[in-house]
Amino acid sequence: MEPLVVAEHLYKTYRDGTRAVVDVSFRAGRGVTVLMGPNGSGKTTTLSMIAGALKPSRGRVLICGYDLWGDGWYRARECIGYAPQKMPFVERLTVLENLVWIGLMRGLSLGEARRRARRLLEEVGLPDVGGKLVGRLSGGMRRRLTIAASLVGDPRVMILDEPTSGLDPGARESLWRIIRGFSGERAVVVSTHIPGEAEEYADKVLVFHRGRLVAEGPPGELIARYAPESLVEVEGVIPPAMGSVGWRIVEATGDRLVVASRSPDSDLPRLIEWIVSSGGRVRVARVRRPGLREVYFALTGEALEEGG
């Protein structure tokens, strides 16, 4: 299947010499592709270039097969629904009026713009706020409205820049369910600095670091390829002489034992059995599995925090 987004050797260098993006290439098809990295890693600049909002210094972008910065610019832009971090809504207009205005700007008739706006408000969970002024919306409602606005033109490619930034965990989860719901027939390209989001909701992750794309792939493959081993932790009464058991010990005291494991689901019961048979006692046992946060550290030597 032909990818809906193709980025080829993108560079962005500003007039002061700052290199924001360096030789970034990737492809995105149907499903959710997540650009993951901290603020300043080049995610927003890259999204702006593939959305048609910022011209690359070098490189090419194809959207639905059309050259976004060449002769196919008009057809390419028809395929895109773009939601920057701060969507420029008119605060003094209602929610419905804002969506209708966007529809008119996309070439819809007034009647079709109204019908589409009402349907989208239903789909993003805002069926009863059409008459409310945008300036009075909560943060979570505004984020949902931003997604609705990006869909007014019925795009084949959705581009969303940090759509859950600043929301509490419950609101983030709810918004991600909405985003996933629109990804079946579309390429949804999203940025986040929260590794847990990318790990749970992405079909494909692009890891950004200091303007470069340093790794890409499905979350599970990235974790298997780059993350350290899982840790099996046991607390209780730990017998001595663990060295003869064969595990790689990370920490060992009289009441706590941590071992590295590539097969934690089988190693945990084996470890408990050894402790009990050796005269020890287990109070708490758990497995700490690596995720994309550990992948990022392994690739870059820098931490990518979950907060956000």
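Here, each number is a calculation from the coordinates, and none is a lab measurement. No experiment lies behind these values; they were computed from the predicted model shown. Neighbour counts are summed over all protein chains in view; Cβ atoms, including those assigned to glycine, are modelled from backbone coordinates with ideal geometry.
As a proxy for reagent exposure, Ser277, Ser183 were ordered by neighbouring Cβ count within 10 angstrom, fewest first; the result is Ser277, Ser183.
If you fit an axis through the alpha-carbon atoms of helix 110-123 and take the longest principal axis of the Cα set of the chain, what angle between them do you get, 0 to 90°, nearest 10? Once rounded, the angle reads 10 degrees.
Looking at region 221-308, the pairs of alpha carbons with a distance over 22 Å make up 34% of the total. In plain terms, the chain from Asp67 to Lys86 could stretch by 4.2 nm, reckoned as 0.36 nm per residue minus the Cα-Cα distance. Available extension along the chain between Arg60 and Leu110 is 14.5 nm, counting 0.36 nm per residue and deducting the alpha carbon span.
Summing charges over all other residues whose Cβ lies under 12 Å from the Cβ of Arg119, with Lys and Arg as +1 and Asp and Glu as -1, gives 0. Here the scattering of the chain is modelled by Debye summation over its C-alpha atoms, one equal scatterer each and no solvent; at q = 0.11 Å⁻¹ the log10 of I(q)/I(0) is -0.74.
Taking the Cα atoms only, what angle lies between the long axis of helix 169-181 and the longest principal axis of the chain, rounded to 10 degrees? On a 0 to 90 degree scale, this one is about 60. Here the sum of -39500 (n - 2.57) over DSSP H runs of 4 or more residues, divided by the residues of the chain, equals -10000 deg cm²/dmol at 222 nm, to the nearest 500.
The simple Förster model, with R0 at 51 Å and r as the Cβ-Cβ distance, assigns Ala252 and Glu122 a FRET efficiency of 0.35.
When only C-alpha pairs under 8 Å and at least 6 residues apart count, what is the relative contact order of region 5-225, in percent?
Working: 438 pairs, mean separation 65.3, N = 221.
About 30 percent, as a whole number.
Prolate is the label for region 163-276, because a/c, from the alpha-carbon gyration tensor with a ≥ b ≥ c as root eigenvalues, is 1.5 or above and a/b exceeds b/c. Of the trypsin sites (Lys or Arg not before Pro) found in region 41-99, those that fall in a DSSP loop while having at most 14 other beta-carbon atoms within 10 Å are Lys86, Arg92. Footprinting exposure proxy ranking of Glu233, Glu251, fewest other C-beta atoms within 10 angstrom first, gives Glu251, Glu233.
Between region 121-183 and region 47-63, the alpha-carbon centres lie 24 Å apart.
Arranged from fewest to most other beta-carbon atoms within 10 Å of their beta carbon, Ile102, Ile238 become Ile238, Ile102.
In this simple spin-label approximation, Val237 and Arg262 carry label points 7 Å from Cα along the Cα→Cβ vector, and these lie 3.5 nm apart. Counting only DSSP beta bridges whose two residues both lie in the chain, roughly 65 percent are antiparallel.
Note on Lys12: aspartates and glutamates with a C-alpha under 19 Å away, same-chain residues under 8 apart excluded, are Asp23, Asp67, Asp161.
Could you tally the net charge around Glu91, taking each other residue with its Cβ under 13 Å from the Cβ of Glu91, Lys/Arg +1 and Asp/Glu -1? Net of charged neighbours comes to +4. Summing +1 for each Lys or Arg and -1 for each Asp or Glu among the other residues whose beta-carbon sits under 15 angstrom from that of Pro269 gives -2. The C-alpha atoms of the chain define a longest principal axis, and helix 139-150 lies at about 60 degrees to it.
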